[in-house]
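To start, the structure under review is shown below, and the notes come after it.
The values are calculated or read from the model by the stated rules, or taken from the named source; none is laboratory data. A quick note: this is a predicted structure, and the numbers were derived from the prediction, not measured. Note: ideal-geometry Cβ built from the backbone for every residue, glycine included; neighbour counts use all protein chains shown.
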Amino acid sequence: MFALSGPSFAIEVCRGLPTAVVLAGGGATEASLLQRLLMTPAFRIYLGRDRLGVELGGALKNVIAVAAGIADGLGFGHNTRAALITRGLAEMVRLGRAMGADPRTFAGLSGMGDLVLTCTGALSRNRAVGFQLGEGKTLTAILAGSHSVAEGVNTARVALTLAERHHVEMPIVRAVCAVLFEGKEPVRAVSELMERAARHELDQA
């Protein structure tokens, strides 16, 4: 069983724009065969061993992208987005480590690479949902007017459940869930994140 993930908007892949992803899982022979079969001059595939980490990165980045979209919709600046991406990555690493993934995976294409793309790209469905939430629209109205799936909405619930099961603190994920499902005002959710107790950057919370 394999996982293929990375910063890859489908429309850009279809247009033949240079893209790089990671393929993880299975045996070394099978992985190398798939790598050779799927690679093209515009679609580069790297091999990885950590299928769990690749899968988690591909899922969790969507939740952080909703948070980044909320901040953009509220009119916050580049500083805010960069902070959310960085601290969101820290949350992804914490949960991944607790579940047995290799923390180094999250520094790669399926972690940081996909996270940056999804949090900043205009084609990101998850960022678009967050942006509209930040503008004041309700989740019900946003989903009713959408013709595509924003995976981060459902993934947020699952991520929070996993965090609680593995005793991992994920304040950004928790804040996204509060906005999506508990009616919390987006600006208040951001304020509460900023007002958390002072910590060392490398603390596990």
Handout entry: Among residues of the range 1-24, those that are at pLDDT 95 or above, closer than 24 Å to Asp102 by Cα and not hydroxyl-bearing (Ser, Thr, Tyr), counted
Key = 10
Practice task
Test Thr29 against the criterion of being at pLDDT below 95 and either more than 18 Å from Arg174 (Cα to Cα) or not in a helix (DSSP H, G or I) (or both), and give yes or no.
Solution key: yes
Handout entry: In the range 90-111, the residues that are buried (at least 21 other Cβ atoms within 10 Å of the Cβ) and without any contact (Cβ under 8 Å) to a residue 40 or more places away in the chain
Key = Met92, Val93
Fill in the blank from the handout: Within the range 158-205, of all residues that are modelled with pLDDT of 95 or more and basic (Lys, Arg), the one nearest to Ala90 (Cα to Cα) is Arg174
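Please verify whether the range 69-78 includes one or more residues that are of a type in the set (A, V, I, L, M), surrounded by 15 or more Cβ atoms within 10 Å (Cβ to Cβ), modelled with pLDDT of 95 or more and part of a helix (DSSP H, G or I). Write out each step before concluding.
Within the range 69-78, the subset of a type in the set (A, V, I, L, M) is 70-71, 74.
Filter once more, so that each one left must be surrounded by 15 or more Cβ atoms within 10 Å (Cβ to Cβ): 70-71, 74.
Remaining after also requiring modelled with pLDDT of 95 or more: 70-71, 74.
Next cut, part of a helix (DSSP H, G or I) only: 70-71.
Within the range 69-78, one or more residues are of a type in the set (A, V, I, L, M), surrounded by 15 or more Cβ atoms within 10 Å (Cβ to Cβ), modelled with pLDDT of 95 or more and part of a helix (DSSP H, G or I).
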Handout entry: Considering residues of the range 112-152 that are crowded, with 22+ Cβ neighbours inside 10 Å and polar (S, T, N, Q) only, the residue nearest to Ala189 (Cα to Cα)
Key = Asn126
Practice task
Filter the range 32-58 down to the residues that are among the small types (Gly, Ala, Ser) and in a helix (DSSP H, G or I), then identify the one that is farthest from Gly113 (Cα to Cα).
Solution key: Ser32
Handout entry: Test: residue in the range 145-153 that is without any contact (Cβ under 8 Å) to a residue 40 or more places away in the chain and hydrophobic (A, V, I, L, M, F, W, C)
Key = yes
Handout entry: Elements of type helices (runs of 4 or more DSSP H) contained in the range 87-182, each with 2 or more residues being of a type in the set (Val, Ile, Thr) and over 16 Å from the mean Cα position of the chain (by Cα)
Key = 139-144
Exercise for the section: Show the residue pairs that are 6+ apart or on different chains and have beta-carbon atoms under 9 Å apart, the first residue being within the range 27-55 and more than 17 Å from Gly108 (Cβ to Cβ), the second being surrounded by 13 or more Cβ atoms within 10 Å (Cβ to Cβ) and among the hydroxyl-bearing types (Ser, Thr, Tyr). Expected result: Ala42/Thr19
